[in-house]
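Read-outs: derived from the displayed coordinates by stated rules, not from any lab. For clarity, every value in this text was computed on a predicted model and none was experimentally measured. Virtual Cβ from ideal backbone geometry, glycine too; neighbours counted across all protein chains shown.
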Amino acid sequence: MTDSSPDLRAIRIIAEHRRGVLRDIATVVARHEANVVMIHQEIFDSGPYDGMAELYVEYEEGGDVSELAADLRNITSVKEVKPYHPFSQIYGTRVIIIGGGAQVAQVALGAVNEADRHNIRGEKISVDTIPLVGERTVAQAVDAVARLPRAAILVLAGALMGGEISRAVDRVRDAGIPVIALKMAGSVPQHADLVVSDPIQAGVFAVMHVSSKAVFDIDRVRGREF
């Protein structure tokens, strides 16, 4: 989820949106012995590429980047190819904050301030937030965290969370992503790795856990309440 290997590379491909294009691109990538670690595809619905497909690929190995790009450009349906630095080297590890607007804002305040302190020293830690209401909506968002690239920790910020949200928390933890919950009504705090009363401190703890230089480790305080 959080691969920041210096050998990781990325390439963006603009191609026609039709059958067989992905097969042709995958054939070229495989021929260069590139090991794909992440792939994202999207169809443009406006702008100069309206109706075309964007394919973003992160890979390792693969030999010379310029040779791979040149071979991809030789595919008839491919219109543009451009290498980039992978997201892990730009945005880095992600802290995800989900919950009510006021609580999310306070957790983000702590997380952003702490991330700034680490990033100014050369780390790459980003903070993603989404204020949501409703048990089903929040549970779906929590489940989706396990599918987000580079997501390393989840903070649940709210006044009342339980039921399906608690079950989603268990699934996220099973996927290897720790969960911090604010002290709140409902069963979510009983399912989280750590419960924190102060939302600002919760954000600080989350960033300290994912930092490669901080001494805080959620595994050492799992099950406790602060």
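Restricting the trypsin sites (Lys or Arg not before Pro) of region 1-94 to loop positions (DSSP other than H, G, I, E, B) with no more than 16 neighbouring Cβ atoms within 10 Å leaves 18, 19. Partners of residue 183 within straight-line reach, counting aspartates and glutamates whose Cα lies under 14 Å from its Cα and excluding those fewer than 8 residues away in the same chain: 193, 198, 225. Restriction of the GluC sites (Glu not before Pro) in region 22-124 to DSSP coil positions whose beta-carbon has at most 16 other beta-carbons within 10 angstrom yields 33. Comparing 49, 91, 59 in a Gaussian network model of the chain where C-alpha atoms under 10 Å apart are linked, the largest mean-square fluctuation is found at 49. DSSP beta bridges fully contained in region 91-220 are about 0 percent antiparallel. The residue list 44, 56, 148 was ranked by how far each Cα lies along the charge dipole of the chain toward its positive end, using unit charges on Cβ atoms, and 148 comes out on top.
Note down the relative contact order for the chain as a percent, whole number, built from C-alpha pairs under 8 angstrom at least six residues apart.
Working: 458 pairs, mean separation 41.5, N = 226.
So the answer I get is 18 percent.
Tell me which lysines have Cα within less than 25 Å of residue 82's Cα, excluding those fewer than 8 residues away on the same chain? Correct list for residue 82: 124. Sequence-distant contacts, meaning Cα pairs under 8 Å at least 6 residues apart, place the relative contact order of region 9-86 at 47 percent. Of all DSSP bridge pairs formed entirely within the chain, close to 50 percent run antiparallel.
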